[in-house]
Amino acid sequence: MSLRTRMVLSGAIAVVSAAAVTSVFIGLAIRSEMIDNADEVGEVRAEQVADLAQRGILPREIDRADDLEAAVQVVQRGMVLSSTSNASDPGFFELPMQRPGVDQVYGLDHLPIDDDGPFRVTALGARTPHGNVTVLVAVDVGNVDEVLAALANKGLIGLGVLMAIFALVLWLVVGRTMRSVEAIRRRAEMITAQRLNQRVPEPPTRDEIYRLARTLNDMLARLESSAKRQERFVADAAHELRTPLATLRTKLETALLRDHDEAGSQLLQELWAETVRLGTLVDHLLLLARSDAGTLHASARPVDLDDVVGDVLSSTQTGRVALRARGVEPVQVTGDVALLEQVLRNLVENAVRHAARTVDVSLSSEGGNAVLTVDDDGPGIPESQRAEVFERFVRLDHSRDRKQGGVGLGLAIVAEIVRVHSGSVEVSESPAGGARLTVRLPIADCEQPEAPGDPRLLGAAGPVAR
């Protein structure tokens, strides 16, 4: 059940329980009051009859004073001296008194009269000119249970109406409160690392939900500020590094053209390789910084993806691994040719590094999407870690050898570029036993005009890490 439903049910149950307990106490109080009233009626009537007996003017037959009075009897040593017409039998009352003449009140369920009962009997001792007598007055209290039963029936109906009204009011009140919470939840769901400028709505009421929204907005402001400082640092550091790295690479390439001994030549080769690697890392950081800043966009130009596949396969150095094109169909998409080439190059080099003998690349169309697949026959990626490979600086291979392992940015860049092209990328198991990385991109509209301008160019992509 939803929180709203649980709150309404809990509130309704609590109110109904409290009302029920209160009704029971009220019913008991009403019953006690009615019994006391009946005893008071019996006592007053007994005193009246006793007064007549004391004055010696007690008639043989006593008239009933009111409807509550069921029967009256005056007895002396087991003989009935006077009574109402329905109580002339000496054994009419079953007296629980131990000492006749002592006043007391007791209850009887039945009497041999037309009234249903139960009854309250008042026994009052009196002195008469002919000796001591006991005046017995029975008062019918059957209406007490009838009144309580009627009140209970009406109380149940009222309790049901009260519960329905309370539940409805509570449902509306909680719903109004939960609308603010739901609005906060929906906005929070939209906030991502690229949309930290968004804020959750603050309700106009100055209550706990308002304070929660204010706290969340303050936290988002701090996160946004921290993210912007980090993005500026990465972008500034990458920009500052590009110029000296380009200068260093040029000087190393110039030095390699000169004659050196074997040790010097090997050292220059290693320095040049590390410089190229560092330059690739800087290019990757700049691309990710553009993605974080929201400035990484795909140009609306038609791209023959099969040509991109051919260019990448022909220019990739695979060493001992066989790189094969399997089922490459002519497919055209809309986007940035340099960025899409970066995607395929990163996927291929990633597969080559982990493959045992072969890497297969295929391209087809399926349901309005271009489907680009790269398979390798390497160790594969465990299912529990497949979501991690697209995170930044994640390396599932534990190699520390720079010639074998990357820095963990290649597949993160693939995910960002595919995202700006409105596509998707996923990892699954390859039929060859290794990993299969599948990219899906929307197929271009053939009637869409070619956008002017040159595609953006990126630096050569270095090895990527899984």
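The values are calculated or read from the model by the stated rules, or taken from the named source; none is laboratory data. Because the structure is predicted, anything quoted here is derived from the model rather than measured. Cβ sites come from the backbone with ideal geometry, for glycine too, and all protein chains shown count toward neighbours. Areas reflect the complete protein model, heavy atoms only, side chains present, ligands, DNA and RNA absent. Shrake-Rupley method; radii C 1.70, N 1.55, O 1.52, S 1.80 Å.
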note = Screening Val139, Val200, Val173, Val181 for residues that are without any contact (Cβ under 8 Å) to a residue 12 or more places away in the chain and β-branched (Val, Ile, Thr) leaves only Val173
key: Among (1) at pLDDT below 90; (2) within 33 Å of the chain's Cα centre (by Cα); (3) buried (at least 20 other Cβ atoms within 10 Å of the Cβ) - the single one Gly406 does not satisfy   = (2)
note = Counting only strands (runs of 3 or more DSSP E) entirely within the range 309-389, those with at least 1 residues that are in contact (Cβ under 8 Å) with a residue 60 or more places away in the chain and more than 21 Å from Val420 (Cα to Cα) are 358-366, 369-376
task = Output the residues belonging to the range 125-146 that are farther than 30 Å from Pro59 by Cβ and surrounded by 15 or more Cβ atoms within 10 Å (Cβ to Cβ).
result = Val144
ask   = In this structure, does Met97 turn out to be at pLDDT below 80 and over 30 Å from Leu168 (Cβ atoms)?
value = yes
request  = From Leu257, Leu281, Leu305, Leu268, grab the single residue that is open to solvent by less than 50 Å² (accessible area, probe 1.4 Å), farther than 21 Å from Ser226 by Cα and free of Cβ contacts under 8 Å to residues at least 40 places away in the same chain.
outcome  = Leu268
request  = For residues that are in contact with a Lys or Arg (Cβ under 9 Å, 6 or more places away or on another chain) and open to solvent by less than 40 Å² (accessible area, probe 1.4 Å), scanning just the range 336-350, find the one that is nearest to Leu437 (Cα to Cα).
outcome  = Asn350
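Just to be sure before I move on: is Ile191 more than 17 Å from Val8 (Cα to Cα), touching an Asp or Glu at 6+ places or on another chain (Cβ under 9 Å) and surrounded by 13 or more Cβ atoms within 10 Å (Cβ to Cβ) in the structure I sent?
No, not satisfied.
Somewhere in the range 160-168, is a residue aromatic (Phe, Trp, Tyr) and either part of a loop (DSSP other than H, G, I, E, B) or closer than 26 Å to Ala50 by Cα (or both)?
no
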message = Quick test of your reading of the structure: Arg176 fulfils all but one of (1) open to solvent by less than 60 Å² (accessible area, probe 1.4 Å); (2) closer than 30 Å to Ala20 by Cβ. Name the failing condition by number.
response = (1)
query = Which one of Ala246, Ala227, Ala237, Ala193 is in a loop (DSSP other than H, G, I, E, B) and over 20 Å from the mean Cα position of the chain (by Cα)?
reply = Ala193
query = Quick check: anything in the range 251-260 within 26 Å of Gln342 (Cβ to Cβ) and assigned to a helix (DSSP H, G or I)?
reply = yes
query = All but one of (1) open to solvent by 50 Å² or more (accessible area, probe 1.4 Å); (2) part of a helix (DSSP H, G or I); (3) touching a residue at least 60 places away in the same chain (Cβ under 8 Å) hold for Arg290; which doesn't?
reply = (3)
note = For the range 293-307, the count of residues that are assigned to a loop (DSSP other than H, G, I, E, B) and at pLDDT 70 or above equals 5
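Can you confirm whether Leu162 is open to solvent by 50 Å² or more (accessible area, probe 1.4 Å) and at pLDDT below 85?
Against the criterion (open to solvent by 50 Å² or more (accessible area, probe 1.4 Å) and at pLDDT below 85), Leu162 qualifies.
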request  = Return the only residue of Ala53, Ala20, Ala38, Ala12 being open to solvent by less than 60 Å² (accessible area, probe 1.4 Å), in a helix (DSSP H, G or I) and closer than 21 Å to Pro118 by Cβ.
outcome  = Ala38
ask   = Out of the residues in the range 204-216 that are in a helix (DSSP H, G or I) and among the basic types (Lys, Arg), which is surrounded by the most Cβ atoms within 10 Å (Cβ to Cβ)?
value = Arg214
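To keep it simple, each residue is scored yes or no on (1) polar (S, T, N, Q); (2) loosely packed, with under 13 Cβ neighbours inside 10 Å.
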| site | (1), (2) |
| --- | --- |
| Val200 | no, no |
| Asp218 | no, yes |
| Arg229 | no, yes |
| Asp236 | no, yes |
| Leu248 | no, no |
| Thr275 | yes, no |
| Leu286 | no, no |
query = Looking at the range 273-292, is at least one residue acidic (Asp, Glu) and within 48 Å of the chain's Cα centre (by Cα)?
reply = yes
inquiry  = For the condition modelled with pLDDT under 90 and either open to solvent by less than 50 Å² (accessible area, probe 1.4 Å) or under 30 Å from Ser299 (Cβ atoms) (or both), what is the one hit in Ser424, Ser428, Ser364, Ser399?
reply    = Ser399
